[in-house]
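So the structure is just underneath, and the comments pick up after that.
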Amino acid sequence: MSTEDRVKTIVVDHLGVEASEVKLEASFIDDLGADSLDIVELVMAFEEEFGVEIPDDAAEKITTVGDAVAYIDAHQG
Amino acid sequence: MRRVVVTGLGLVTPLGADVETAWKNIIASKSGAGTITRFDATDFQSNYACEVKPADHEYGFDASKRVDHKIQRQVDPFIVYGIDAAGQAMEDAGLLDLSEEERLRFGCSIGSGIGGLPGIESESLVLAEKGPKRVSPHFVHGRLINLISGQVSIKYGLMGPNHAVVTACSTGAHSIGDAARMIAMDDADIMLAGGAEGAICPIGIAGFGQARALSTGFRDEPWRASRPYDVDRDGFVMGEGAGVVVLEEYEHAKARGAKIYAEVVGYGLSGDAYHVTAPHPEGSGAFRSMAMAMKKSGLDLSDIDYINAHGTSTPLGDELELGAVRRLFGNNIATLSMSSTKSAIGHLLGGAGAVESIFCILALRDQIVPPTLNLDNPSENCAGVDLVPFKAKERSVKAVLNNSFGFGGTNASLVMKAV
């Protein structure tokens, strides 16, 4: 599975949203109903899934699904 | 004093995840006990319990009916059970479409005995294995006992008193009694009140096992293990689930044409001041709790037709409760029926008092009292008391008493009657 598909699977599972809503441009808070704690949890799940470390200052800049995919692709070993 | 009536009911139990299914199975003498499926309990002191059944079971629980997927992932089972039972009670009472003014006078008092034990256990393992940065950000508010009341108030916009009782196995009864007083004292017009528990997890079974509280001798026939008043009883069988009622000020209920199940007329509370787990040897706390509830009710002792006993199936507790009932009711004991529905659904701990109050209300509604299962050889002290062995019994039921007693020596009794 591509990074994008794996990220989308995690988002669907954690936020209980339909897969069709999880587009690259979708904002976690504005479009997918997440709150700040949900984002903390999503970042933890991305770190576990991809074996990357996402520091807090980087995590704050991840606001869309696409941001997450781009960060992971740029930092994955 | 403002009168308080019950206008809605909600149940999640090991014998059904709605009021009518659970009641039908209780009346049909079914048992919710079985070998534990949540984890491998082979090496535990007890390997059986009364679990809430999965959604695909004949009388299973489908969490997705009333609880968002996201919330299900974030919170412990006791909160999920509580949200669902509260939703059932709201629907039953016809209270889903409320004005802001009404919601300002509508509160929640739904507690739990233990709270999020499974999540505390599993996240502690995450902490130990993976470190603090892997603990869920939802850990705290997904385990806290007042988060049923919190979640329910957010879901339905209920802005009245937001309260949660924590008195071990008396929680459900105290929740209803306290909430009824809030209505009587004019703090609210409507309250969701009850209790929930979901502590069937390794640390829960191990902990109660080590406290020597659980039944251990019926591994091959778990449905025979919860046997209140029987000479072979050897401890309680852990149950789980939730019971929530809608309490409403009488004139408020009448004005909107609500269906009225019963009136809460008496509430008694006491402390044993004796021991953390063992009941007082003369049952004095139980006696005073019942006596206070009866006094407040204004009823005569002869008016009580049915007692839903605490009756957990522990060697000490059952006899002491029976003795206290005998001392308080005297000759009136000959005309009442008393049973323990824990024989069928196990001990729901913080949920017990609320679930059992609902069974009392259904006994009032249907003029039938639920049975005490497995009463093959009643102990000597049972002579002359109708413990409703094996089979439900049709009889006149106009007023009922429900008892709950908890660790720490905390006792609660509720008296309800038909309106």
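When the Kirkwood radius is taken over all Cα pairs of the stretch B:184-257, what Stokes-Einstein diffusion coefficient follows at 10 °C and 1.306 mPa s, in µm²/s?
101
Return the long-range amide H neighbours of B:Ala262 (sequence gap of 5 or more, or a different chain), with a cut-off of under 5 Å between placed amide H atoms.
B:Val6
Mean 1/r over all different Cα pairs, inverted: what Kirkwood radius does the stretch B:270-356 give, in Å?
One decimal place: 13.7 Å for the Kirkwood radius.
Identify which of B:Val325, B:Val246, B:Val231 has the largest mean-square fluctuation in a Gaussian network model of chain B, with springs joining Cα atoms closer than 10 Å.
Among B:Val325, B:Val246, B:Val231, the largest mean-square fluctuation in the Gaussian network model of chain B belongs to B:Val231.
For the stretch B:17-73, just say rounded, prolate or oblate: build the C-alpha gyration tensor, square-root its eigenvalues into a ≥ b ≥ c, call rounded for a/c under 1.5, and beyond that prolate if a/b exceeds b/c, oblate if not.
Cα axes put the stretch B:17-73 in the oblate bin.
Dividing the convex hull volume of the alpha carbon atoms of the protein assembly as shown by its residue count, what do you get in Å³ per residue?
152
What residues qualify as long-range amide H neighbours of B:Val52, i.e. H under 5 Å apart, gap of 5 or more or another chain, H built at 1.01 Å from N?
Amide H neighbours of B:Val52, under 5 Å, 5+ apart: B:Glu240.
Per residue of the stretch B:112-127, in order, report the coupling 6.51 cos²θ - 1.76 cosθ + 1.60 (Karplus, θ = phi - 60°) as ³J(HN,Hα) in whole Hz, putting x for Gly and Pro.
For the stretch B:112-127, the Karplus-derived couplings read 7, x, 10, x, x, 4, x, x, 5, 5, 5, 6, 5, 5, 4, 4 Hz, x marking Gly and Pro.
Express in whole angstrom the spacing between the alpha-carbon centres of the stretch B:322-384 and the stretch B:1-76.
20
So which aspartates and glutamates can B:Lys391 reach, going by Cα to Cα under 20 Å and dropping same-chain residues fewer than 8 places off?
Excluding near neighbours in sequence, the set is B:Glu20, B:Glu221, B:Asp230, B:Asp232, B:Asp305, B:Asp318, B:Glu356, B:Asp366, B:Asp376.
Out of every Cα pair in chain B, what percent are spaced more than 27 Å from each other?
Across chain B, Cα pairs with separations above 27 Å total 45 percent.
Which residues' amide hydrogens lie under 5 Å from the amide hydrogen of B:Leu375, considering only partners 5 or more residues apart or on another chain, with H built in the peptide plane?
The list, which skips near neighbours in sequence, is B:Phe390.
Could you work out the mean projected area of the convex hull around the alpha carbons of the stretch B:190-305, in square nanometres to one decimal?
Convex hull of Cα atoms, orientation-averaged projection: 10.8 nm².
Consider all pairwise Cα distances in the stretch B:23-121 and report the whole-number % of them above 21 Å. If you can, show how the numbers build up before the last one.
Details: 2471 of 4851 pairs.
Pairs farther apart than 21 Å: 51 percent.
Quick one: work out Rg over Rh on the C-alpha atoms of the stretch B:320-419, Rh as Kirkwood radius.
Values: Rg = 13.2 Å, Rh = 14.2 Å.
For the stretch B:320-419, the value is 0.93.
Arrange B:Val166, B:Val135 by Cβ neighbour counts within 10 Å, fewest through most, would you?
Result, fewest neighbours first: B:Val135, B:Val166.
Output ³J(HN,Hα) for the stretch B:203-209: one whole-Hz value per residue in order, computed from phi by the Karplus curve 6.51 cos²θ - 1.76 cosθ + 1.60 with θ = phi - 60°, and x for Gly and Pro.
5, x, 5, 5, x, 5, x
Counting other beta carbons within 10 Å of each residue's own, what order do B:Val67, B:Val75, B:Val237 fall into, fewest first?
Details: B:Val67 20, B:Val75 24, B:Val237 30.
So the ranking, lowest neighbour count to highest, is B:Val67, B:Val75, B:Val237.
Quick one: P(r) of the stretch B:74-170 from all Cα-Cα pairs, 10 Å bins, percents rounded to integers, in order of increasing distance.
16, 41, 27, 12, 4
What number in nm² do you get for chain A if you take the convex hull of its Cα atoms and divide its surface by four?
Result: 4.5 nm².
I'd like the mean, over residues of B:130-141, of how many other protein chain beta carbons sit within 10 Å of each residue's own Cβ.
So the per-residue partner count for this stretch is 2.
What list do you get for B:Glu123, A:Glu49 if you sort them by fewest beta carbons within 10 Å?
Going from least to most buried by this count: A:Glu49, B:Glu123.
Mind checking A:15-22 for the average number of partner chain beta-carbons within 10 Å of each residue's beta-carbon?
That average works out to 2.
Any lysines with Cα under 19 Å of the B:Lys295 Cα? List them, leaving off those in the same chain fewer than 8 positions away.
Hits, sequence-local ones excluded: B:Lys398, B:Lys417.
Per-residue HN-Hα couplings for the stretch B:341-349, Karplus 6.51 cos²θ - 1.76 cosθ + 1.60 at θ = phi - 60°, whole Hz, x for Gly and Pro?
Karplus-based 3J(HN,Hα) across the stretch B:341-349 equals 6, 5, 4, 9, 10, x, 9, 7, 6 Hz.
Just counting partner chain Cβ atoms within 10 Å, what average do the residues of peptide B:150-156 show around their Cβ?
0
Quick one: check the C-alpha center-to-center distance for the stretch B:240-294 versus the stretch B:129-144, whole angstrom.
Between the Cα centre of the stretch B:240-294 and that of the stretch B:129-144, the gap is 36 Å.
Read-outs: derived from the displayed coordinates by stated rules, not from any lab. As the structure is a prediction and not an experimental result, all values here were calculated from the model. Here Cβ is always computed from backbone atoms with ideal geometry, including for glycine, and neighbour counts include all displayed protein chains.
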